[in-house]
1. Out of everything in region 85-115 that is touching a strand residue (DSSP E or B) at 6+ places or on another chain (Cβ under 7 Å), farther than 17 Å from residue 17 by Cα and β-branched (Val, Ile, Thr), what residue ends up being surrounded by the most Cβ atoms within 10 Å (Cβ to Cβ)?
2. If you take just the strands (runs of 3 or more DSSP E) that sit entirely in region 29-138, which of them hold at least 1 residues that are within 13 Å of residue 8 (Cα to Cα) and in contact (Cβ under 8 Å) with a residue 60 or more places away in the chain?
3. Which of the residues belonging to region 9-41 are of a type in the set (S, T, N, Q) and under 17 Å from residue 60 (Cβ atoms)?
4. Restricting to region 78-91, what's the tally of residues that are at pLDDT 95 or above and under 16 Å from the mean Cα position of the chain (by Cα)?
5. Would you confirm whether any residue within region 20-32 is surrounded by fewer than 15 Cβ atoms within 10 Å (Cβ to Cβ) and among the hydrophobic types (A, V, I, L, M, F, W, C)?
6. Could you look through region 10-37, keep only residues that are among the hydrophobic types (A, V, I, L, M, F, W, C) and farther than 22 Å from residue 127 by Cα, and pick out the one that is nearest to the chain's Cα centre (by Cα)?
7. Going residue by residue through region 56-72, is there one that turns out to be in contact with a strand residue (DSSP E or B) (Cβ under 9 Å, 6 or more places away or on another chain), closer than 19 Å to residue 3 by Cα, surrounded by 15 or more Cβ atoms within 10 Å (Cβ to Cβ) and not aromatic (Phe, Trp, Tyr)?
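The values are calculated or read from the model by the stated rules, or taken from the named source; none is laboratory data. These numbers were taken from a predicted model, which means no experiment stands behind them. Counting neighbours? That spans all protein chains shown, and the Cβs are built from the backbone with ideal geometry, glycine included.
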Amino acid sequence: MMIDDHVVVVRHRAGDSEYHLLPGGGVDYRETVGDALVREIREETGLVATVGEPLIVSDTIDPNGSRHVVNIVLSATVTGGEITSTPDDVRVVAVDLVTPDELLTLDLRPPMAADVVAVLAEGSSARPRYLGSLFVER
């Protein structure tokens, strides 16, 4: 999701670590993936958005077998709202707007910044891509 050529990311805190995520999160029971993304974007950023096509799919598989997350990055268009300074999710420290070049320098999790930048550069001709497992031990 972009605003004025900047990617919307959320700065997330877990324990003593801070890193960046694309807005999103878990899907509630009987909620579609698209509805979950709209809800999560609003909760984490204060923005209202519509979702579009799938762009990137990856897995995050913990080698100890404790967790397997499927990450689905969908295109999204901001249709309203304002960036909040007090997100509903207490783990979100801030909403940041970064250029694609800046995105490449962040600790983005899962580590797919180069693929996100490539999809953005391809624009409407971008084809969905599967990245495999992106688990990184931290």
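1. Filtering first and then ranking leaves 98.
2. In region 29-138, 68-81, 92-98 are the strands (runs of 3 or more DSSP E) which contain 1 or more residues that are within 13 Å of residue 8 (Cα to Cα) and in contact (Cβ under 8 Å) with a residue 60 or more places away in the chain.
3. 17
4. 2
5. Step one: list which residues in region 20-32 are surrounded by fewer than 15 Cβ atoms within 10 Å (Cβ to Cβ), which gives 26, 28-32.
If we keep only those that are among the hydrophobic types (A, V, I, L, M, F, W, C) as well, we get none.
Checked against the condition, which is being surrounded by fewer than 15 Cβ atoms within 10 Å (Cβ to Cβ) and among the hydrophobic types (A, V, I, L, M, F, W, C), region 20-32 yields no hits at all.
6. First, pick out the residues of region 10-37 that are among the hydrophobic types (A, V, I, L, M, F, W, C): 10, 14, 21-22, 27, 33, 36-37.
Retained after the next criterion (residues that are farther than 22 Å from residue 127 by Cα): 10, 14, 27, 36.
Working: 10: 8, 14: 16, 27: 14, 36: 12 Å.
Only one residue tops the list, namely 10.
7. Filtering region 56-72 down to residues in contact with a strand residue (DSSP E or B) (Cβ under 9 Å, 6 or more places away or on another chain) leaves 56-62, 67-72.
Pick out the ones that are also closer than 19 Å to residue 3 by Cα and you get none.
No, region 56-72 contains no residue that is in contact with a strand residue (DSSP E or B) (Cβ under 9 Å, 6 or more places away or on another chain), closer than 19 Å to residue 3 by Cα, surrounded by 15 or more Cβ atoms within 10 Å (Cβ to Cβ) and not aromatic (Phe, Trp, Tyr).
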